[in-house]
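What follows is a single structure, written as structure tokens, with notes after it.
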Amino acid sequence: MNAVGIIPSRYGSTRFPGKPLALIGGKPMIQRVYEQCLKSNLTKVVVATDDERIAQCVKSFGGDFVMTSSEIENGTERCRVALSKWKVHFDFVVNVQGDEPLIDPRQINSLIDLLKNSGGEIATLISPALNWEEVENPNRVKVVKALNGKALYFSRSPIPHVRNERTTSPKNHFIHLGIYGFTSEALRKTEHLLESNLEKFESLEQLRWLENGMSIYTAVTDQRADSVDTKEDLLVIEKRYFL
């Protein structure tokens, strides 16, 4: 079985335009993400972009890229379009976020293993909450799972609800990390799914998949990659790892 890692990358960003080309320790961020992917068990790594500047950057360090439309709305769709451009068959697709320049290759491997062994259509990572503030933060997506790791629900609200105030540890709540693995068939299937009610309520794409009966399995990790949303985040990472 083989797996392709696709890194969706667009130039336009409200908070940080040109983010993929921002230098971190002397290298463009997209290059650092790409190189971390190469350390994993992925068969192939490719950047899916809508911008010639990003494409030329990837070409300059010897990487592979696929041009996709600027009209594409999200990373899942960009990965699906990129997959459709190849004649080579891949069993699995890992959607790697382009703003995590220090992603641990072992996390990518855990998604590949989960897809191989769970029989699920989609795989993703979750991590124990660090504190109560994180549990209560609507920008941190929470997930509840079955004993076998199958995701039951994702929410911006604190789930499960703690009835007797804080009689439990925040580590009993799980935070969703935004990296996904798909079987190729499942990724193609998402093209035909309409926006669901749960997705509208929570503004979470994965609820469309759950509401349409698709299976999502989770793997627990204590590792959390530092992500870059703003220029300030970039400076923090440079100071922490490269100075």
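Quick rundown of the values:
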read-out	value
Scope the range 203-243; condition farther than 27 Å from TYR11 by Cα, in contact (Cβ under 8 Å) with a residue 60 or more places away in the chain, among the hydrophobic types (A, V, I, L, M, F, W, C) and surrounded by 15 or more Cβ atoms within 10 Å (Cβ to Cβ); matching residues	TRP209, MET214, ILE216, ALA219
For LEU23: the one exception among (1) out of contact with any Phe, Trp or Tyr (no Cβ under 7 Å at 6 or more places or on another chain); (2) buried (at least 20 other Cβ atoms within 10 Å of the Cβ)	(2)
Residue among ALA123, ALA151 that is surrounded by 11 or more Cβ atoms within 10 Å (Cβ to Cβ), under 27 Å from ASP229 (Cα atoms) and in contact with a Gly (Cβ under 6 Å, 6 or more places away or on another chain)	ALA123
Residues satisfying the stated conditions in the range 161-194, i.e. without any contact (Cβ under 8 Å) to a residue 24 or more places away in the chain and surrounded by 14 or more Cβ atoms within 10 Å (Cβ to Cβ)	VAL162, LEU193
Residue check for ASN197: more than 18 Å from the chain's Cα centre (by Cα), closer than 17 Å to SER155 by Cα and surrounded by 13 or more Cβ atoms within 10 Å (Cβ to Cβ)	no
Qualifying residue in the range 110-124 (condition: β-branched (Val, Ile, Thr) and closer than 19 Å to LEU193 by Cβ)	yes
Residue under evaluation ASP226, criteria (1) over 21 Å from LYS145 (Cβ atoms); (2) in contact with a strand residue (DSSP E or B) (Cβ under 9 Å, 6 or more places away or on another chain), criterion not met	(2)
Residue match in the range 78-85 (condition: in contact (Cβ under 8 Å) with a residue 60 or more places away in the chain, under 18 Å from THR218 (Cα atoms) and of a type in the set (D, E, K, R))	no
Considering residues of the range 53-110 that are more than 13 Å from the chain's Cα centre (by Cα) and acidic (Asp, Glu) only, the residue surrounded by the most Cβ atoms within 10 Å (Cβ to Cβ)	ASP91
Residue check for CYS37: surrounded by 16 or more Cβ atoms within 10 Å (Cβ to Cβ) and within 25 Å of SER184 (Cα to Cα)	yes
Some residue of the range 133-145 being assigned by TED's automatic domain parsing to the domain that holds MET1, surrounded by fewer than 21 Cβ atoms within 10 Å (Cβ to Cβ) and under 15 Å from the mean Cα position of the chain (by Cα)	no
Hits in the range 69-83 (condition: of a type in the set (Lys, Arg) and either touching a Cys at 6+ places or on another chain (Cβ under 7 Å) or under 8 Å from PRO8 (Cα atoms) (or both))	ARG78
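The values are calculated or read from the model by the stated rules, or taken from the named source; none is laboratory data. Quantities reported herein were computed from a predicted structural model and do not represent experimental measurements. Every residue, glycine as well, gets a Cβ built from its backbone with ideal geometry; the counts of neighbours run over all protein chains shown.
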